[in-house]
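A short write-up of the structure that comes next.
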Amino acid sequence: MILRKKLIAGNWKMNKTPTDGVALVAELVTAIGKQTDVDVLVCPPFTGLESAGKALEGSTLKLGAQNMHFEANGAFTGEVSAPMLRALFATHVILGHSERRALFGEQDAFINKKVLAALKNQLRPILCVGETLAEREGGIALKVVQTQLEAGLEGVGKDQASTVIVAYEPVWAIGTGKVATTDQAQEVHAFIRGLLVKLYGDSIAQKVRILYGGSMKPANAPELLSQKDIDGGLIGGAALEARSFVDLVKAAAAVK
Ligand code: 13P
């Protein structure tokens, strides 16, 4: 029995107009819109969610957002809420991405509120964790990941924990072409799995998918994805073109 189906998620970041996004989704639907071996998710910017959602209708592709506010509505200029995302048929939301943390000052307690709000609204959170280069070189990578994970999951009960997805994204590997070695990545993924065991027990921890993110490409994906605790990828640059994203999905499907 496959305990954890692989998940390949495309984080488009601040790229693609709605028209460009629809064109990309159309190519993806043609190439991989029927396969069920791997879960596939696209996360356009807010402005592209509705049109991308329509373009992937009837396929096996899923729709996610890149961020949200934890309140349902109110005076929060520029923000978007979980019920608004649900109304566009999003099923997932990326939370606590390192770019949100570094460039927009998001901190663990704030991210935790979003995780809880996502779960309350039947959105699956993809909680991002990961250390900077200075933190890795300072020997505190695991400690940083532990703090981010435990704080991000504060108040998430056993009944909901298996719907959470964790993404380990070493900040120094994002958009730099510097991928973590498979050993470096697997070490942190196994560490995260161990923390989940402590928090939720073994059977729930074995169900949680832990994605790797940071310069994942078709060339390095097979080795990363064959690691015991790497259950998929959160893809930036290589998600912006159909060919590389499709190849990543195929690489995930080929892992036994
Ligand atoms: P890259 O794949 O461009 O390194 O981005 C990774 C990422 O940040 C996905 O969320």
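The values are calculated or read from the model by the stated rules, or taken from the named source; none is laboratory data. Treat the numbers as computed from the prediction; the structure is a model and nothing was measured. When we count neighbours, we look across all protein chains shown, and the Cβ atoms used for this are built from the backbone with ideal geometry, even at glycine. Surface areas here come from the heavy atoms of the whole protein model, side chains and all, with no ligands, DNA or RNA. Shrake-Rupley method; radii C 1.70, N 1.55, O 1.52, S 1.80 Å.
If only residues of the stretch 202-256 that are part of a helix (DSSP H, G or I) and of a type in the set (S, T, N, Q) are counted, the one that is farthest from the ligand (Cβ to nearest atom) is 203. Return the residues of the stretch 85-110 that are closer than 13 Å to residue 153 by Cβ and surrounded by 24 or more Cβ atoms within 10 Å (Cβ to Cβ); say none if nothing qualifies. 95, 96, listed by residue number. Screening the candidates 205, 167, 173 for the property of being modelled with pLDDT under 95 and under 30 Å from residue 113 (Cα atoms) yields one hit, 173.
Of all residues in the stretch 216-230, those being surrounded by 21 or more Cβ atoms within 10 Å (Cβ to Cβ) and small (Gly, Ala, Ser) number 1.
For the stretch 1-20, the set of residues classified as within 16 Å of the ligand (Cβ to nearest atom) and without any contact (Cβ under 8 Å) to a residue 40 or more places away in the chain consists of 14 only.
Residues that are out of contact with any Ser or Thr (no Cβ under 8 Å at 6 or more places or on another chain) number at least 2 in the following strands (runs of 3 or more DSSP E) confined to the stretch 35-115: 39-43, 92-95. The residues of the stretch 164-201 that are exposed (fewer than 15 other Cβ atoms within 10 Å of the Cβ) and in a loop (DSSP other than H, G, I, E, B), listed by number, are 175, 176, 177, 178, 181, 201. Taking the conditions (1) more than 23 Å from residue 206 (Cβ to Cβ); (2) open to solvent by 60 Å² or more (accessible area, probe 1.4 Å) in turn, residue 122 satisfies each one other than (1). Of the residues screened, residue 57 is not one that is of a type outside the set (Phe, Trp, Tyr), over 18 Å from the mean Cα position of the chain (by Cα), more than 16 Å from the ligand (Cβ to nearest atom) and under 25 Å from residue 98 (Cβ atoms).
Please pick out the residue among 28, 24, 49, 63 that is crowded, with 21+ Cβ neighbours inside 10 Å and touching a His at 6+ places or on another chain (Cβ under 9 Å). So the residue among 28, 24, 49, 63 that is crowded, with 21+ Cβ neighbours inside 10 Å and touching a His at 6+ places or on another chain (Cβ under 9 Å) is 63.
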